1. Just name the residue that is surrounded by the fewest Cβ atoms within 10 Å (Cβ to Cβ) out of those in region B:56-92 that are over 10 Å from the mean Cα position of the chain (by Cα) and in contact (Cβ under 8 Å) with a residue 60 or more places away in the chain.
2. Applying the selection to region A:8-45, what residues are in a strand (DSSP E or B) and free of Cβ contacts under 8 Å to residues at least 40 places away in the same chain?
3. Count, please, the residues in region A:102-114 that happen to be more than 12 Å from A:LYS13 (Cβ to Cβ) and touching a residue at least 12 places away in the same chain (Cβ under 8 Å).
4. Does A:THR5 count as open to solvent by 40 Å² or more (accessible area, probe 1.4 Å), touching a Lys or Arg at 6+ places or on another chain (Cβ under 9 Å) and in contact (Cβ under 8 Å) with a residue 60 or more places away in the chain?
5. What do you reckon, is A:THR14 open to solvent by less than 40 Å² (accessible area, probe 1.4 Å), touching a strand residue (DSSP E or B) at 6+ places or on another chain (Cβ under 9 Å) and farther than 23 Å from B:SER109 by Cα?
6. Within region A:29-46, is even one residue more than 20 Å from B:GLY43 (Cβ to Cβ) and facing another protein chain (nearest Cβ under 9 Å)?
7. Residue by residue through region B:19-39, note down the ones that are over 16 Å from B:ILE60 (Cα atoms) and at pLDDT 85 or above.
8. Given the options A:SER73, A:SER93, name the one that is open to solvent by 10 Å² or more (accessible area, probe 1.4 Å), under 14 Å from the mean Cα position of the chain (by Cα) and polar (S, T, N, Q).
Amino acid sequence: ETGVTQSPTHLIKTRGQQVTLRCSSQSGHNTVSWYQQALGQGPQFIFQYYREEENGRGNFPPRFSGLQFPNYSSELNVNALELDDSALYLCASRVGTERWETQYFGPGTRLLVL
Amino acid sequence: AQSVTQLGSHVSVSEGALVLLRCNYSSSVPPYLFWYVQYPNQGLQLLLKYTSAATLVKGINGFEAEFKKSETSFHLTKPSAHMSDAAEYFCAVSDLGTGNQFYFGTGTSLTVIP
């Protein structure tokens, strides 16, 4: 039990639609990162938020966006869904931004785009 | 840029046998290295991490890993496999700089044969 929750657990969308995924971090965890894990692959870094501001981004297009709120919750928004967006989306939280800090992962949201 | 390579996408061992999962890293700076485990339909759980304090790192569930700078390796071992060890294992390296990306390997699926 990591104390990180995500909703919904599963989601089905059609191509071109928009989706919002939610994450609730542990209290006191100021940093949240989002990852995309395609089937049979390792998680790929999407972006990171620290104290409500994006401070790092992986190789993902702008249609992937996020928000972080003062209550330790966060969102991942994906516009204009494509078939390749089908994946498990993981959020991970930690206290700060040090490289040695452990990230605590939620169970993920499995998104299927038809 | 940092990266990790996990040799062997699938590893099978008999119950009670030694578990060895391989991870090699590439990093231009002293690395921080992590091993995570993922059980079916769950998020990632930290097994152990290397933060330069000691080259032999002990983790949960009897796992340990040895950091070898000369070989750029961080292999995960367990002396005696248990049925409950069957899962997907990911090695990750933490990036330097803002955003502090985690770069994950492609994972190794461990099967334990009774």
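1. Only one residue tops the list, namely B:MET83.
2. If the condition is that a residue be in a strand (DSSP E or B) and free of Cβ contacts under 8 Å to residues at least 40 places away in the same chain, then A:GLN44, A:PHE45 are the ones that fit.
3. 6
4. When the stated conditions are applied, A:THR5 passes them.
5. Values: open to solvent by less than 40 Å² (accessible area, probe 1.4 Å): no; touching a strand residue (DSSP E or B) at 6+ places or on another chain (Cβ under 9 Å): yes; farther than 23 Å from B:SER109 by Cα: yes.
No, not satisfied.
6. no
7. B:ARG22, B:CYS23, B:ASN24, B:TYR25, B:SER26, B:TYR32
8. Every option except A:SER73 fails the conditions.
The values are calculated or read from the model by the stated rules, or taken from the named source; none is laboratory data. Since this is a predicted model, take the numbers as computed values, not measurements. A quick note on method: Cβ atoms are made from the backbone with ideal geometry, for glycine too, and the neighbour counts reach across all protein chains shown. Note: accessible area is taken over every heavy atom of the protein model, side chains too, but ligands, DNA and RNA are not part of it. Shrake-Rupley method; radii C 1.70, N 1.55, O 1.52, S 1.80 Å.
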